[in-house]
Amino acid sequence: ERFRTEKEKEETVTLRSKEARHEEVVEQQRRLLEQAEARMGVGVSLAATAGSGQAPGEGGMSGGRSAGGCAVGAVSGSGNGTLAPGSAGAGTGASEETFAVRSVAFCGRQVPMLLQNRNGPCALLAVANCLLMRGTLTLAKDEVLVSSSTLVERLAQLCEQLNATQMEEDPNMREGITEVIQRLPLLLDGLLLNCGFASCTDFELTADLGLFDCLSVNLYHVWVAPEVAKVAGSWNALSEQLALGSELRETLEREGRLPTEEEDENLTRGVWLRDWLDETQAQATPEGLRELFETVEHREASVLFRNNHFCTVYKPSKEALVTLLTDAAFEEEANAVWESVELDGDTGHILDADFAPYRPGGRATGGASVSTAAGARGKATTDEPSAAKKAEMIALVEGMGFARDLAEAGLAAVGWADVQQAVEAILEADGEMPKPRKVKPEASTAGGGGFSEVHSCPTCSRSFRSKNGALNHRASKGH
């Protein structure tokens, strides 16, 4: 009787904890939706006038952002959020955003591409650039800027035009596409996304993902691990298991007892999932990258979600995958157009419009591809790097979870010599802005082995096979 009573108490506590977590997630999403719904009057106007020839009303469209859900959850392991951000930062809905247009040589023609501001809505931009590459979406030759409201309006028109027949014949299809169009303004703040770990096309179906179906754009991710999928099929399921494991540990500590056999299995599984999550902070695995290379068709333009970012991905040949460079810092770098996707997960090389190694200002660089950040890694240099190299280095540091101002300060502290040393400078600053430090040359790995080198965390002594793994671990744990 005592055992049954204690068991019922424990189940009640667990149930209440689940309900509390659910309420927190609902409240978080309610606040995000309230911020976006402040602009829904404009969104409804655009949906109503799309394709009708009427000009949409002027309004306070925002290029807002969200820092919640999949992005924050993947770093902190907390909550059950599923809002993948346009990029880091908080959406305010205060003012309309504009995007610069850059002309790029692609498949024998000049194609306009939209560039992303510091915190632009990367999901919509990635979709729009796919359509521009296909020629489905076009811009006037004299358009050098596109506003967020204009982008939303044109995507809404395309949703209707590309699905006009289905909308006439199928009321359900008409209702679904109308919902997608009405939600388009909300996607300036973020996109609801829940990655499944079974394959690179595994996503939980949400209303937001209907945009990709309406416009016939494939969406991929590379956060694939079949062995994890058997235990936790998606990001939401994984975060739920981690939360339950945390509750179980608190219960055992509070009651001062040892775990049962079943509880011990649950704890062990939770530790394994946590370790895997720590190792895949960039939301990419070798299995996912291999599957992506095999799945994307030759000359297919699609969208890739990776490292809390949506980017336009293209397959110029059967052996290569590249992503479009859309950071506004590349606007003046005509020869920096693409970045290669590497099968080993390492930093890609910057390529020109012909998918050849990037050459600053059109000058030859000895055939060497631009890699990680500063060209020749680990070597201090007195030369000021180009704007493209600086942008690449900043993006690499930001990809490890640091704010842009910290990334710039860390790189400046080491004289823009090396990304790894910049991250070390940020971590050593312990929350403050990094101070200038002496640049340490990086030790070379002789013998061609490479994979035998072990990188350890100086705080907890945990070992990693790659520097990026160690740096991501230190960034996520604050070590």
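For region 142-269, the relative contact order is 19 percent, taking Cα pairs closer than 8 Å that sit 6 or more residues apart in sequence and dividing their mean separation by the residue count. Surface calculation, 1.4 Å probe, protein heavy atoms: Glu160 sits at approximately 50 Å² accessible. Taken along its three principal axes, the alpha carbon spread of region 220-316 comes to 60, 21, 17 Å, from the longest extent down to the shortest. Ligands, DNA and RNA left out, the accessible area of region 93-167 computed with a 1.4 Å probe is 49% carbon and sulfur. Of the residues Ala225, Asn236, Leu209, the one whose Cα sits farthest towards the positive end of the charge dipole of region 169-259 is Ala225 (charges of +1 on Lys and Arg Cβ, -1 on Asp and Glu Cβ, taken about the Cα centre).
Atom-type composition of the exposed protein surface of region 206-308 places 48 percent of the accessible area on carbon and sulfur (1.4 angstrom probe). Based on DSSP, what percent of beta bridges with both residues in region 189-325 are antiparallel, to the nearest 5? In region 189-325, approximately 75 percent of DSSP beta bridges are antiparallel ones. Surface listing: Arg257, Arg249 arranged by accessible area from highest to lowest gives Arg249, Arg257, probe 1.4 Å.
Past 31 Å, Cα to Cα, is the threshold; run Lys315/Lys390; Lys230/Lys389; Lys230/Lys390 against it and keep the listed order. From Lys315/Lys390; Lys230/Lys389; Lys230/Lys390, over 31 Å: Lys230/Lys389; Lys230/Lys390. Sort region 115-230 into rounded, prolate or oblate with this rule: let a ≥ b ≥ c be the square roots of the eigenvalues of the Cα gyration tensor; rounded if a/c is under 1.5, and if a/c is not under 1.5, prolate when a/b is larger than b/c, oblate otherwise. Judged from the Cα gyration tensor, region 115-230 comes out oblate (a/c at least 1.5, b/c at or above a/b). Overall shape: oblate for region 280-345, with the ratio a/c of the largest to smallest alpha carbon gyration tensor axis at 1.5 or above and b/c at least equal to a/b.
For Asp327, nonlocal amide neighbours, meaning residues 5 or more places apart or on other chains whose placed amide H falls under 5 Å from its own, are Gln116. With contacts taken as Cα pairs under 8 Å at a separation of at least 6 residues, region 265-321 carries a relative contact order of 28 percent. Computed 3J(HN,Hα) for region 98-112, one whole-Hz value per residue from the Karplus formula 6.51 cos²θ - 1.76 cosθ + 1.60 where θ = phi - 60°, is 10, 10, 6, 10, 10, 8, 10, 6, 8, 6, x, 9, 8, 10, x, glycine and proline marked x. With every protein chain in place and a 1.4 angstrom probe, the accessible-area ranking of Val152, Val231, largest first, reads Val231, Val152.
The values are calculated or read from the model by the stated rules, or taken from the named source; none is laboratory data. Just so you know, these numbers come straight off a predicted model, no measurement behind them. A quick note on method: Cβ atoms are made from the backbone with ideal geometry, for glycine too, and the neighbour counts reach across all protein chains shown. Protein only, heavy atoms only, side chains kept; ligands, DNA and RNA dropped before computing areas. Shrake-Rupley method; radii C 1.70, N 1.55, O 1.52, S 1.80 Å.
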